[in-house]
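*Asks:* Have a look at this one before I ask anything.
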Amino acid sequence: MFNYLHGNERALQLVRVPTEEQEQARWQSRQHDQLVEERKRLGAKGNALLLSRGFGSWENWWRPKAFSRLSQLVPGWLLELLETWVDLLRKLDEKIRRAKVALAKRCSGLRPKGVGAPSLVQLQSEVLDWGRYRNRRKIGCLAGMVPSEWSTGDTQRRGSITKVGVGAIRRIITEMVWRIILFQPQYKAVQKWQEVLRGSNRGLKKKAVVAIGRQLMVDLWRLQTGRISAQELNLVMIGG
């Protein structure tokens, strides 16, 4: 405040307060993510118990088919411990399924093939207003997917992404990228990194996914604000 009052107009910036409706949509989206995280946490506890007793790692061990097979292999005392978590995990499965359906119902209009309706609604709930961002760098910063920079004089050096944006957006965009790679290999950003994606270097693949994610975030902003068409991006649109 002292700096602002003494002429530094950049010392303070206006903060946009979401509307009540936007805030509700964001909390519904985040509750879905909290349910998923809780399922991961409880599932990992059961999996760790199975690993510690030499029964290996079981994916989704609480689901009916897997648990039916598991019950024939493990001793009674171990099965009893696992059953403590089974009911909770199955209830979480059902709650997550209902949350996804509720999110999908809120999606309207066209969307790129590979971008799920629930994911797009979640992204919208975090962005709030696409029209608020004036350029590609600002929307990229929102996801924290712009490179850090150490530059001095004529020397320019860029590092890993800043990750200073909204973590939820970064997670949603990363999930979208993997589906876009699968369903829309003709997308310009995917084409640019096709050689790396076909290779075996995991580090380079990770960099490629981040780069595609950054471009996808920008392109979704351009689509939502009418700055470009899906045809220009080689994107197939579905829904509507």
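*Asks:* Quick one: what does P(r) look like for segment 114-239 with 10 Å bins over all Cα pairs, in whole %?
*Replies:* 12, 43, 35, 9, 1, 0
*Asks:* Can you tell me the dipole magnitude for segment 114-239 around its Cα centre, using point charges on the Cβ only (Lys, Arg +1; Asp, Glu -1), in Debye to the nearest 20?
*Replies:* Details: 21 positive and 8 negative charges, 60 e Å.
That gives a dipole near 280 debye.
*Asks:* Where does the charge balance sit around GLY199 when Lys and Arg score +1, Asp and Glu -1, over other residues with C-beta under 13 Å from its C-beta?
*Replies:* +4
*Asks:* So, counting K/R as plus one and D/E as minus one, what does the shell of residues with Cβ under 14 Å around VAL164 add up to? Could the numbers behind the result be given before it?
*Replies:* Working: positive: ARG137, LYS138, LYS163, ARG170, ARG214; negative: GLU149.
Around VAL164, the surrounding residues sum to +4.
*Asks:* Let me ask you something else. Return the label of the correct value of percent of Cα pairs over 31 Å apart, as calculated from the structure shown, out of [x] 25; [y] 33; [z] 41.
*Replies:* Computed from these coordinates, percent of Cα pairs over 31 Å apart corresponds to label [z].
*Asks:* Setting aside same-chain residues fewer than 8 positions from LYS113, which lysines have a Cα under 30 Å from its Cα?
*Replies:* Within the straight-line limit of under 30 Å, LYS113 reaches these lysines: LYS40, LYS95, LYS100, LYS105, LYS138, LYS163, LYS188, LYS192, LYS205, LYS206, LYS207.
*Asks:* Give me the one-decimal Kirkwood hydrodynamic radius in Å for segment 20-105, with the sum taken over alpha-carbon pairs. Display every interim value, and only then the final one.
*Replies:* Numbers: mean 1/r = 0.0705 Å⁻¹.
Hydrodynamic radius (Kirkwood, Cα pairs) of segment 20-105 is 14.2 Å.
Every read-out reported here was derived from the displayed coordinates using simple, explicitly stated rules and does not represent laboratory data. Model, not experiment: these values are computed from the prediction. Ideal geometry is used to build each Cβ from the backbone, glycine not excepted, and the neighbour counts take in all protein chains shown.
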